[in-house]
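Chemist: Got a structure for you, written out below as structure tokens; questions coming shortly.
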């Protein structure tokens, strides 16, 4: 996020950021990583790391980290099926992405929490496709009806069937990843065609905090990188549990983990685009719950963004989450404080949309409301329209109108009115009596109505009959991919 | 707001800020001000301004503006009756102040909008006194039952009777101001005693945008300054109406108005503390309403804050307002986006609390919810606790725990848990089932219950019987000052 921003907010001085970088390298060199994936251990050792085979502990020399950093490519593209929907960061920041993989959903009709299914994903895909705040659809929920062998294809299919925006997803183990890629090849009309436009945007958390590369996700990212497909990793330190109960200590663990996984990416494939993605937290000891809506979480996001800027790479992550169980004031507050904080610190990518209950439940109304936050952030990013011409023109207009005058009929009023304000279809900016006459509906009720309107229009699948046939032949047990309502 | 912040967010470069300052001076020198108050005109002319008597237009030479700027005192103190409640900005930023002077209130029992009364002010004073997010009580509503001759005393009395925090107020015309001061003298035990601790914090909008000093408020600020009592002024440009339909043009008009009124303050009393206070807006042409919750309004607040930093004076104002009619997601979003934006740009003072309907209505639940925003901003201002010791200690702890370990029983966890997180009594950070078991209450319902709890405790007036007697003798027609419930 940079358009129109002259200086980003910072908690840290340059020297402090350098020290945090040095401390992170020290952690990797002297504390090391536990690397549970054998191939990754081999690759790390081949690049000059020391291995303690008995503990699977790998030590990364500081020079190796610096050498890998030198090939960091500070840009990331989310690829869609059609190029016009591609999104580049940081160039097109702020990039608003849904938050993903909630296991539960608030049923549209009853409002009750229940397991999410592939039909829900089709409905959500339709909604995200229409909402202007979103740039990327990271599949919002799991699918309880997914078959074991098509765990991720059963999520990906309804998403691609109803959303043109780039789709971000993850997988569970190699067979699952391979079937997802087979699915992609079938959709593209072959592996070669897919290679030219690899429209499945892979995402993993291969680092289990603290400082551990797992088996499965590490294998998946290695494979995806070797194929040259887009992938990035998120780090998730949790102060008091998987990192020190200290803002600084949690930042150091997370930053060391960012360096570790992204240096590993460079070893697998030098020049891999780097996105500094995070989901940090401080454990909330009062209830023992995961509190992604806390201000401390927002502050850590900002701190990681500052470190990303130090490394010259775009950043973002699970910004704008809430612990609230309803799309209420608390939700609006938590989403907006962290989203605004991260944006003004320079985050390019915000996984804002749709979740309640600390990432547990998807809610349609919340997704509509969060799209508004996205639109407001996009307006903010346009900045203050400074320019020498503007200065002269304004001085002239101010002088012509003079003290006590009115600007309503001036040239700029006519010219700028359509563009200067973000005109929302959801926010109530009317007088109270008009709002009361329309039923005194709070924002979440209006949002639910907007979702209803979008979802009650005829569903238009994006895949041709031919493509559907090809897919069904390959995956006879695939879910219907149709919205429930 | 500076604690723990190494660099503030900025839309503008230093050069752009200098240009905006120069443009603002040019407006004052060549477009000039309309000055409706005769004494102010005289004083301005005595200090070297040119007057066009036929239009009451006054032109401020650039050197005069610079000379006055040289005596700007970049600090402001809100004075309470007891020194322990005083608040200094920027030293004690973020200073959270209620938003004030709503004519209407949402009745606590019925939820219906009605005119606010002096009894409401007593109840609100009790609430603000208890809510930890607030530092200053700017009297939230008007009082429909106030007598004509005691228009402002009837508001001030219930506020002082039930709130120990500094009280900010305004007045309507000289007789009203003089009765407010008489009231203050009586409370202090005499004019001399009051002079030692002038605990009524005066606030006015003497500049009617564009570029006009009015008659009454200008007279009031002049008198208050001459007495040496605390006062500051807010500027309120409204793009498309009283300033150009341009972010930059509106900023220039507002900044010129800030310079004009604060230079005037220095002419009346050199060395007067300066607070750059603002309530800017862009007219919302779709509905014609005043939209203080828009992102454009937030951006203008940030821009004015940047100019305040250029002048080396603390800043703030009507940040964190909402156009919403209920304390819903929209309200949480609008309050939080602008409050976070302003805080990260360096605003010290935020008139956040309690209003809905674009400043028209006070709501108890909203005041409780906004206190939470204040508490989160205070946590944010504490920053990231960087320190060389912290770095060493964290590195040691990370190394001791090692990859795959857990930090739950480490020294820092035990030591920092009580202080690192803001533990809210209002935010739901529980698991969903616990929230459902407690009645599935959204944040506004919980906030209303918290207000109810505070207001149903026995009311404890802060004024002694002796003081009450003295006041009643002076003002026999004074309102009861008692809460209605």
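The values are calculated or read from the model by the stated rules, or taken from the named source; none is laboratory data. Quick caveat, the model's predicted, so the values are computed rather than measured. For neighbour counting, all protein chains shown are included, and Cβ atoms are generated from backbone atoms with ideal geometry for every residue, glycine included.
Chemist: Answer with yes or no whether residue A:80 is more than 14 Å from every other protein chain (Cβ to nearest Cβ), crowded, with 20+ Cβ neighbours inside 10 Å and at pLDDT 95 or above. Step through it out loud before you land on a result.
Modeler: Working: more than 14 Å from every other protein chain (Cβ to nearest Cβ): yes; crowded, with 20+ Cβ neighbours inside 10 Å: yes; at pLDDT 95 or above: yes.
Criteria met by residue A:80.
Chemist: Name the one entry in B:308, B:298 that is away from chain A (no Cβ under 12 Å), assigned to a helix (DSSP H, G or I) and surrounded by 24 or more Cβ atoms within 10 Å (Cβ to Cβ).
Modeler: Details: B:298 fails: away from chain A (no Cβ under 12 Å).
From the options B:308, B:298, the qualifying one is B:308.
Chemist: Another question, then. Here is a list: A:358, A:371. Which entry is within 9 Å of chain B (Cβ to nearest Cβ) and closer than 23 Å to residue A:298 by Cβ?
Modeler: Numbers: A:371 fails: within 9 Å of chain B (Cβ to nearest Cβ).
On inspection, the qualifying residue turns out to be A:358.
Chemist: With respect to residue A:342, is the statement that it is under 16 Å from the mean Cα position of the chain (by Cα), under 18 Å from residue B:345 (Cα atoms) and more than 8 Å from chain B (Cβ to nearest Cβ) true? First the steps, then the outcome.
Modeler: On the way: under 16 Å from the mean Cα position of the chain (by Cα): yes; under 18 Å from residue B:345 (Cα atoms): yes; more than 8 Å from chain B (Cβ to nearest Cβ): yes.
When the stated conditions are applied, residue A:342 passes them.
Chemist: Also: Which pairs turn up if I take residues in region B:233-254 that are outside the structural domain of residue B:292 (by TED's automatic domain parsing) and look for partners that are at pLDDT 95 or above with beta carbon separation below 6 Å, at least 6 apart in sequence or on another chain?
Modeler: Matching pairs, first to second residue: none at all.
Chemist: From the set of residues in region B:259-293 that are touching a helix residue (DSSP H, G or I) at 6+ places or on another chain (Cβ under 6 Å) and facing chain A (nearest Cβ under 7 Å), which is nearest to residue B:227 (Cα to Cα)?
Modeler: That would be B:282.
Chemist: Residues that are more than 23 Å from the chain's Cα centre (by Cα) and in the same structural domain as residue A:363 (by TED's automatic domain parsing): does region A:149-162 have at least one? Working first, answer last.
Modeler: Step one: of region A:149-162, the residues more than 23 Å from the chain's Cα centre (by Cα) are A:149-150.
From what is left, the residues that are in the same structural domain as residue A:363 (by TED's automatic domain parsing) are A:149-150.
Yes, because at least one residue in region A:149-162 is more than 23 Å from the chain's Cα centre (by Cα) and in the same structural domain as residue A:363 (by TED's automatic domain parsing).
Chemist: Turning to a different aspect of this structure: Go through region A:1-17 residue by residue and tally those that are free of Cβ contacts under 8 Å to residues at least 40 places away in the same chain and within 14 Å of residue A:251 (Cβ to Cβ).
Modeler: The total comes to 1.
Chemist: Name the residue, out of B:125, B:102, that is crowded, with 18+ Cβ neighbours inside 10 Å, within 16 Å of the chain's Cα centre (by Cα), closer than 30 Å to residue B:482 by Cβ and within 14 Å of chain A (Cβ to nearest Cβ).
Modeler: Working: B:125 fails: within 14 Å of chain A (Cβ to nearest Cβ).
From the options B:125, B:102, the qualifying one is B:102.
Chemist: Given the residues A:58, A:27, A:45, A:65, which is the only one that is in a strand (DSSP E or B) and at pLDDT 95 or above? Talk me through it step by step, then tell me what you get.
Modeler: Details: A:27 fails: in a strand (DSSP E or B); A:45 fails: in a strand (DSSP E or B); A:65 fails: in a strand (DSSP E or B).
Answer to the check: A:58.
Chemist: Do you know which residues across region A:76-104 are touching a residue at least 24 places away in the same chain (Cβ under 8 Å) and in a strand (DSSP E or B)?
Modeler: Selection gives A:76, A:77, A:78, A:87, A:89, A:95, A:96, A:97, A:98, A:102, A:104.
Chemist: Now for a different question. Among the residues of region B:68-75, is there at least one that is at the interface with another protein chain (Cβ under 9 Å from one of its Cβ atoms) and buried (at least 20 other Cβ atoms within 10 Å of the Cβ)? So that I can check it myself, show each step before the final result.
Modeler: Residues of region B:68-75 that are at the interface with another protein chain (Cβ under 9 Å from one of its Cβ atoms), as a first pass: none.
No.
Chemist: Yes or no: residue A:204 under 18 Å from residue A:268 (Cβ atoms), in the same structural domain as residue A:82 (by TED's automatic domain parsing), surrounded by fewer than 21 Cβ atoms within 10 Å (Cβ to Cβ) and in contact (Cβ under 8 Å) with a residue 12 or more places away in the chain?
Modeler: no
Chemist: Of the residues A:462, A:426, only one is in contact (Cβ under 8 Å) with a residue 40 or more places away in the chain, surrounded by fewer than 16 Cβ atoms within 10 Å (Cβ to Cβ) and in contact with a helix residue (DSSP H, G or I) (Cβ under 8 Å, 6 or more places away or on another chain); which? Break it down stepwise before answering.
Modeler: On the way: A:426 fails: surrounded by fewer than 16 Cβ atoms within 10 Å (Cβ to Cβ).
Going through A:462, A:426 in turn, the sole match is A:462.
Chemist: Of the residues in region B:104-121, how many are touching a strand residue (DSSP E or B) at 6+ places or on another chain (Cβ under 9 Å) and within 20 Å of residue A:437 (Cβ to Cβ)?
Modeler: Selection size over region B:104-121: 6.
Chemist: Would region B:320-333 turn up any residue that is touching a helix residue (DSSP H, G or I) at 6+ places or on another chain (Cβ under 6 Å), surrounded by 24 or more Cβ atoms within 10 Å (Cβ to Cβ), within 11 Å of chain A (Cβ to nearest Cβ) and modelled with pLDDT under 95?
Modeler: Yes, region B:320-333 contains at least one residue that is touching a helix residue (DSSP H, G or I) at 6+ places or on another chain (Cβ under 6 Å), surrounded by 24 or more Cβ atoms within 10 Å (Cβ to Cβ), within 11 Å of chain A (Cβ to nearest Cβ) and modelled with pLDDT under 95.
Chemist: While we're here: Assuming residue B:313 fulfils every condition listed in (1) over 14 Å from residue B:233 (Cβ atoms); (2) within 19 Å of the chain's Cα centre (by Cα); (3) touching a residue at least 60 places away in the same chain (Cβ under 8 Å) apart from one, which condition is it?
Modeler: It fails just one condition, (1).
Chemist: What helices (runs of 4 or more DSSP H), lying completely within region B:382-477, carry at least 2 residues that are under 30 Å from residue A:35 (Cα atoms) and either modelled with pLDDT under 95 or at the interface with another protein chain (Cβ under 8 Å from one of its Cβ atoms) (or both)? Write out each step before concluding.
Modeler: Working: elements: B:388-401, B:411-420, B:432-437, B:443-456, B:465-474.
Helices (runs of 4 or more DSSP H) meeting the threshold: B:388-401, B:411-420.
Chemist: Could you please give the count of residues in region A:20-48 that are surrounded by 17 or more Cβ atoms within 10 Å (Cβ to Cβ) and within 28 Å of the chain's Cα centre (by Cα)?
Modeler: Of the residues in region A:20-48, 13 are surrounded by 17 or more Cβ atoms within 10 Å (Cβ to Cβ) and within 28 Å of the chain's Cα centre (by Cα).
Chemist: Output yes when any residue across region A:475-484 is exposed (fewer than 12 other Cβ atoms within 10 Å of the Cβ), closer than 30 Å to residue A:178 by Cβ and not assigned by TED's automatic domain parsing to the domain that holds residue A:375, and no when none is. Steps first, please.
Modeler: Of all residues in region A:475-484, those exposed (fewer than 12 other Cβ atoms within 10 Å of the Cβ) come to A:476-477.
Subsequent filtering for residues that are closer than 30 Å to residue A:178 by Cβ retains A:476-477.
When the remaining residues are screened for being not assigned by TED's automatic domain parsing to the domain that holds residue A:375, the result is A:476-477.
Yes; the residues of region A:475-484 include at least one that is exposed (fewer than 12 other Cβ atoms within 10 Å of the Cβ), closer than 30 Å to residue A:178 by Cβ and not assigned by TED's automatic domain parsing to the domain that holds residue A:375.
Chemist: Pull up region B:229-258, narrow it to residues that are away from chain A (no Cβ under 14 Å) and in contact with a helix residue (DSSP H, G or I) (Cβ under 7 Å, 6 or more places away or on another chain), then point me to the one that is farthest from residue B:299 (Cα to Cα).
Modeler: Per the criteria, the residue is B:231.
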